[in-house]
Amino acid sequence: MISTVSVTPFSDQKPGTSGLRKAVGVFQQPHYAETFIQSVFDVLADKAGAVLVIGGDGRFLNREVIGKAVRMAAANGFARVLIGRGGILSTPAASHVIRLNGALGGLILSASHNPGGPDGDFGIKYNIANGGPAPESVTGAIHARSLVLDRYLTLEGGADIDLETLGETRVGDMVVEIIDPVAAYADLMETLFDFDAIRAHRARGFTLSFDAMSAVTGPYAHEILERRLGFTPGSVVNGVPLEDFGGHHPDPNIVHARELYDRMMGPDAPDFGAASDGDGDRNLVIGRGRFVAPSDALAILAANAHLAPGYARGLAGVARSMPTSAAVDRVAAALDIPLHETPTGWKFFGNLLDAGQVTLCGEESAGAGSDHVREKDGLWAVLLWLNILAVRGVSVDELIQEHWRRFGRNYYVRHDYEGVSSEGADALMAALRGRLAELPGQRHGDLVIASADDFAYVDPVDGSVSEGQGLRILFEGGSRVVYRLSGTGTSGATLRVYIERYEPADGVLDADPAEALSALVEAGKAIAGIERFTGRTMPDVAT
Ligand code: G16
């Protein structure tokens, strides 16, 4: 029986860069998850008879919220929901399942790279029929709806849904199908990459270590890397998804994937090391003795993608988020293909991918992907690297050095000031925004500011405008510092400062980035008054 439950509307729970992300305790408040889910359902036309995909990264609350979402989907008229076994679907796999099954959309339950467990974070994100994150027009409508919503619909009673058994059952009039979360995704990967070439490379002695960080990619990596490609069992570590990620912070960077990093820099390093995040859309790649910065990785993948069967025809174009380094721009110029610069957030790539204007896209925040799905994709990136290395027969270090010798190097670092007060962070951004016009011509040591602006984006496909997407300070010679506030944190504010300097191909290519960027780092601190507004002299994380 359908029941209507009265609720108080949200006062202000605005979805961020990637859906609604909050501390677990917030999601445990009565009717909180339901209020958001009903707000999503209320803005969707054509629910009746439609298919909905539901899955998550296995974190604490995943199963509970799936139960709520299923009952609500039945009460809201969906005909069918597809759920990954155990409630598991990586974000890219969910994107693929939505596309493959002609679903109206999907609910992805994840807080991505944020920690999990009772004291961690939880999140819900809605993806649309193209498999990608809802664009701002939809997230805006969901937010507006949540501010006035006074009821939700659910189905009363009934047994708990068995998430472990593949096959179909019914909840009310709706069919619930539990699907294998891995198979279709692994099959898709086999169509894009030359698994024979990778297997042959492995047989020649090539070794790898993949750290699934006790998050969602474990089952995918075991199946693809160990079973289908034949890498030695044990090549995948931390391969069982845990509700609290085993206490790890499932963010694949050199701080949180330290064990992998240390191993890759040590005497017993395998040839290739990689990690993915909570929901499987980010990637970290480290060759033996060589860390690869995400912006460089995007450029290298773009330059070599044609070596994989799925991209043998070349790339229609490439896209990167504005704070991502311009390394890929040089590749696009050499390939004579368009380069698009979008705001931060995967949702901004969706229209370009749908319109066939770009094939590959990526971000400095360890995300890369292509038109095979509408999300960034951690394991996809790993497989593209493996395919390229297998064909080229070079090491990661050789590949990256060769790339710099051809295109030059964009030295790059991102400084994160985490958990600063929202007031301080907002005041810093407002003050800097107000001074942009007076900055050109200002001198900081040898650095002279050439221009300064607040990044705005006009979507070339639908003409929508997104303003206030980050403050850019460009110096004479092409170096730059960018400031923006994170849209994915859950406590206080995180100030991100992105620092970049280009070194031409005949310059010094193998310097320590911290040294190569030290003057810019200091200028960046001074220009924004970081210490004055945040009380911090040093970032918490430099990646
Ligand atoms: C999300 C988006 C990414 C974006 C990142 C930025 O990543 O999907 O496209 O680059 O947020 O985060 P912030 O706003 O904190 O800089 P994820 O992996 O958290 O879904």
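Just so it is clear, none of the values below were taken in a lab; they were calculated from the coordinates. All figures in this text were calculated on a predicted structure; none of them were measured in a lab. Positions of Cβ are generated from backbone atoms using ideal geometry, with glycine treated the same way; all protein chains shown enter the neighbour counts.
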If the chain between MET1 and GLU398 were fully extended at 0.36 nm per residue, the gain over the current Cα-Cα distance would be 136.5 nm
Rounded to whole angstrom, the alpha-carbon centroid of segment 343-378 lies from that of segment 100-175 at a distance of 22 Å
Pull up the DSSP beta bridges for segment 120-276 and report the antiparallel fraction as a percent, rounded to 5.
50 percent
What order do you get for 444-455, 209-220, 263-274 when each peptide is scored by the mean count of other beta carbon atoms within 10 Å, highest first?
209-220, 263-274, 444-455
Which links in LYS125/LYS347; LYS22/LYS125; LYS22/LYS525; LYS125/LYS376; LYS47/LYS125; LYS68/LYS125 stretch past 22 Å when you go from one Cα to the other?
LYS22/LYS525
Consider all pairwise Cα distances in the chain and report the whole-number % of them above 40 Å.
21 percent
Rank by packing, highest mean first: peptides 79-88, 521-530, 321-330, 187-196, with packing defined as the count of other Cβ atoms within 10 Å averaged across residues.
321-330, 79-88, 521-530, 187-196
State, as an integer percentage, the relative contact order of the chain based on alpha-carbon contacts under 8 Å between residues 6 or more apart.
13 percent
On average, how much area does the Cα convex hull of segment 187-267 cover when viewed from any direction, in nm²?
6.0 nm²
Work out which helices of the chain, taken as complete DSSP H runs, extend at least 18 Å along their axis over the Cα atoms and score a mean Kyte-Doolittle of -0.5 or more, then list them.
62-75, 378-392, 422-435
Counting DSSP beta bridges with both ends in the chain, the antiparallel % (nearest 5)
70 percent
In sequence order, calculated HN-Hα J values of segment 455-467 (Karplus, 6.51, -1.76, 1.60; Hz; x Gly/Pro):
5, 10, 10, 10, 5, x, 8, 10, x, 5, 10, 10, 9
Might you report the magnitude of the Cβ-based charge dipole of the chain about its Cα centre, with Lys and Arg at +1 and Asp and Glu at -1, to the nearest 20 debye?
300 debye
